[in-house]
Amino acid sequence: MKLKSMLLLSSIFMSASVVAADWTPVFKNFENGCADSKLLQHIVNKSIWTEHGTTPDAFVRKSALKGNYANVMLPYKNDMLAAKSKLYNDGEQYIEVTIPLKNATLYGLPLKGFTVYSGTASGLAGRTLVFGQLNATQLQKLKSIKFKADAEQEFKAVISTDKQKQTILACDVSM
């Protein structure tokens with residue numbers, strides 16, 4: 001009897017650990033002029049960015065570069081892999097931080113990762129979500145979502161495809 005109980009608990013724990021987290025609450029505000037949800041603000045401000053530095057990794061918390069997101073609530077932190085950062089100096093200096101995701105979904109679609117970018121001096125800022133290669137049905141589901149423009153700045157989420165044929169949802173809020 002004790003063995004059966006242990007096996008049952010083990011199977012429940014293992015099946016729960018691979019369930020995809022629904023990231024829709026994190027990015028839902030993209031539907032309203034690319035606004036950040038409080039949850040996304042928390043993830044970005046408390047778990048990714050540090051004070052600005054002179055190298056790409058100086059802009060990003062060391063824990064994020066190692067894939068450790070202690071300040072992010074479950075189930076999201078279980079999906080987040082080690083951050084990758086890059087500093088650009090092509091006319092305007094800005095930092096880009098990419099967080100690959102595992103087992104994540106957005107609007108019921110597989111979400112591979114997200115990128116945040118910012119250039120404090122240039123006003124460059126935005127978020128990019130990567131879905132990977134979506135089939136026609138999945139792409140239509142994403143396109144059926146009504147992304148509205150911000151009333152003042154007219155920021156609006158835009159769906160596109162990159163060179164690798166990955167579907168991208170981008171919110172550029174550069175000023």
Residue check, LEU134 of a type in the set (A, V, I, L, M, F, W, C) and touching a Phe, Trp or Tyr at 6+ places or on another chain (Cβ under 7 Å):
no
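Let's see how each residue does on (1) of a type outside the set (Phe, Trp, Tyr); (2) at pLDDT 95 or above; (3) touching a strand residue (DSSP E or B) at 6+ places or on another chain (Cβ under 6 Å); (4) surrounded by 14 or more Cβ atoms within 10 Å (Cβ to Cβ):
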position	(1), (2), (3), (4)
LYS86	yes, no, yes, yes
ASN89	yes, no, no, no
GLU96	yes, no, yes, yes
TYR107	no, yes, no, yes
GLY113	yes, yes, yes, yes
GLY132	yes, no, yes, yes
LYS156	yes, no, no, yes
VAL173	yes, no, yes, yes
Taking the stretch 67-84 and keeping residues more than 12 Å from the chain's Cα centre (by Cα), within 16 Å of VAL26 (Cβ to Cβ) and not β-branched (Val, Ile, Thr) leaves TYR69, ASN71, MET73, LEU74, PRO75, ASN78
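Can you go through ALA64, ALA83 and tell me which one is of a type in the set (A, V, I, L, M) and touching a Gly at 6+ places or on another chain (Cβ under 9 Å)? Step through it out loud before you land on a result.
Details: ALA64 fails: touching a Gly at 6+ places or on another chain (Cβ under 9 Å).
Of the residues listed, the single one that is of a type in the set (A, V, I, L, M) and touching a Gly at 6+ places or on another chain (Cβ under 9 Å) is ALA83.
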Cβ pairs under 6 Å, 6+ apart, first in the stretch 128-143 and in contact (Cβ under 8 Å) with a residue 60 or more places away in the chain, second part of a strand (DSSP E or B) and not acidic (Asp, Glu)
LEU129/PHE114; LEU129/LEU169
Could you figure out which of (1) touching an Asp or Glu at 6+ places or on another chain (Cβ under 6 Å); (2) surrounded by fewer than 17 Cβ atoms within 10 Å (Cβ to Cβ); (3) not in a loop (DSSP other than H, G, I, E, B) isn't true of LYS77?
(1)
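Scanning for something surrounded by 12 or more Cβ atoms within 10 Å (Cβ to Cβ) and under 18 Å from THR24 (Cβ atoms), does the stretch 120-127 turn up at least one residue?
Of all residues in the stretch 120-127, those surrounded by 12 or more Cβ atoms within 10 Å (Cβ to Cβ) come to 122-127.
Right, trim to under 18 Å from THR24 (Cβ atoms) and you get 127.
Yes, because at least one residue in the stretch 120-127 is surrounded by 12 or more Cβ atoms within 10 Å (Cβ to Cβ) and under 18 Å from THR24 (Cβ atoms).
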Across (1) part of a helix (DSSP H, G or I); (2) surrounded by 17 or more Cβ atoms within 10 Å (Cβ to Cβ); (3) in contact with a helix residue (DSSP H, G or I) (Cβ under 8 Å, 6 or more places away or on another chain), VAL72 clears everything bar (1)
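The values are calculated or read from the model by the stated rules, or taken from the named source; none is laboratory data. Being a predicted model, the structure only gives us computed values, none of them experimental. In this analysis, Cβ positions are derived from the backbone assuming ideal geometry, glycine residues included, and neighbour counts consider all displayed protein chains.
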